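Worksheet: one structure, shown below.
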Amino acid sequence: MTTRLGVCGWPVAHSRSPQMHNAALARLGLADWRYQRLPLPPELFEESVRALPALGFRGVNVTIPHKQAALALADAATDSARAIGAANTLTFERDGSIHADNTDATGFLTSLPGSVHGRSALVLGAGGSARAVIYALLQAGATSVDVWNRTPERARELAAELGATAAVEPADADVIVNCTSVGLHDPRATFRDLPLCPEQLAAGRVVVDLVYRRGGTELLRAARAHGAATVDGLEILVGQGAASLERWTGRSVPDAAMRAAVAD
């Protein structure tokens, strides 16, 4: 019987998780495991997820816009998922319970070129991924974390919940992280839709874009052109995906195979 895994999102057609996870499963010799996309609109998310174990699913990753809903439906959760207030990994246990975890924070921190301890940070966005990034930055010792969102009230609510600061007009920061979907559908959308200017992307800064596109995003190209260090969303995808797959399989995961699969 095939053991199934997947990624739930709306939309999810752009996700490279299937080729990444299937490459790792092949390297592990798990020929009877398969990973697939699961396009689920919000109104069908909970009902569909609860039906997955009967279809042979061991677990699923969760992406936009379902991460908070994933935590809400779980029977148990890790301390980090509860502190973040969102889950990107659901595991279907043998006793019928659903366990929630958040590997986004780990994937984010391991992708950075250095420590964020003692550095300032600016997080753009207020969704499930932003929650994980803010939590990770604060846990890692960032001196300050400003949160910007196109809906200021969402930024204020999230900042108050996690201990960050809401920013109406973001100031300069050492680490800038785009957790919005800007650049996902329109590769040219960067400064038009984000509160950034070229001067904020100077040498000595680290610019991280959770959006990933073949060839990189316009934000990362601009950051590199101005001398900033950059982190592509694909690297974060690999980090969080490897942690999820280790939980589901109980095996050490070949992240090099995962990285090669998404780099093509």
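Values in this text are rule-based calculations from the coordinates and carry no lab data. Remember, it's a predicted structure, so these values are computed and weren't measured experimentally. Every residue, glycine among them, receives a Cβ derived from its backbone with ideal geometry; neighbour counts consider all protein chains shown.
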With N residues in the stretch 18-140, Rg(alpha-carbon) / (2.2 N^0.38 Å) equals 1.15
Can you compute the modelled spin-label distance between Thr151 and Ala263, with each label point 7 Å from Cα toward Cβ, in nm?
3.9
Any chance you could check the Cα centroid distance between the stretch 14-37 and the stretch 52-70 for me, in angstrom?
16
To check my understanding: the extent here is largest minus smallest coordinate of the Cα atoms along each principal axis. What are those three numbers for the stretch 106-231, in Å, largest first?
35, 30, 26
Cα convex hull of the stretch 170-259, projected area averaged across orientations, nm²:
6.7
Positive dipole terminus of the stretch 106-231, leading residue within Ala140, Ala228, Ile176 (C-beta point charges)
Ala228
Length gain on complete extension for the stretch Asp172 to Glu46, per 0.36 nm per residue less the alpha carbon to alpha carbon distance?
41.4 nm
Residues of the stretch 71-113 with the amide nitrogen closer than 16 Å to a label point 7 Å from the Cα of Ala229, along Cα-to-Cβ, please.
108-113
Can you work out the FRET efficiency for the pair Glu161 and Arg214, with r the C-beta to C-beta distance and R0 = 41 Å, to the nearest 0.05?
0.70
Size of electric dipole in the stretch 106-231: Cβ of Lys, Arg +1 and of Asp, Glu -1, about Cα centre, debye, nearest 20:
380
Under 20 Å by backbone N from the virtual spin label 7 Å along Cα-to-Cβ at Leu28, the residues of the stretch 37-75 are 37-38, 52-63
Expected output is a single nm value to one decimal: the length gained when fully extending between Glu93 and His14, i.e. 0.36 nm times separation in residues minus the C-alpha distance. What is it?
25.6 nm
Compare the Cα positions of Leu30, Leu44, Val60 along the charge dipole of the chain (+1 at Cβ of Lys, Arg; -1 at Cβ of Asp, Glu; about the Cα centre) and return the one farthest towards the positive end.
Leu30
Assign unit charges at the C-beta atoms only (+1 for Lys and Arg, -1 for Asp and Glu), then state the dipole size of the chain relative to its Cα centre in Debye, rounded to the nearest 20.
660
Structure-based [θ]222 nm, the chain - -39500 (n - 2.57) summed over DSSP H runs of at least 4, per residue, nearest 500
-10500 deg cm²/dmol
If you take every DSSP beta bridge whose two residues both sit in the stretch 106-231, what share of them, in percent to the nearest 5, is antiparallel?
5
Looking at (1) 0.92; (2) 1.03; (3) 0.98, which value of Cα Rg over 2.2 N^0.38 Å comes from a calculation on the structure shown?
(3)
Read phi for every residue in the stretch 157-166 and hand back ³J(HN,Hα) as whole Hz from Karplus 6.51 cos²θ - 1.76 cosθ + 1.60, θ = phi - 60°, with x for Gly and Pro.
5, 5, 4, 5, 5, 9, x, 9, 10, 6
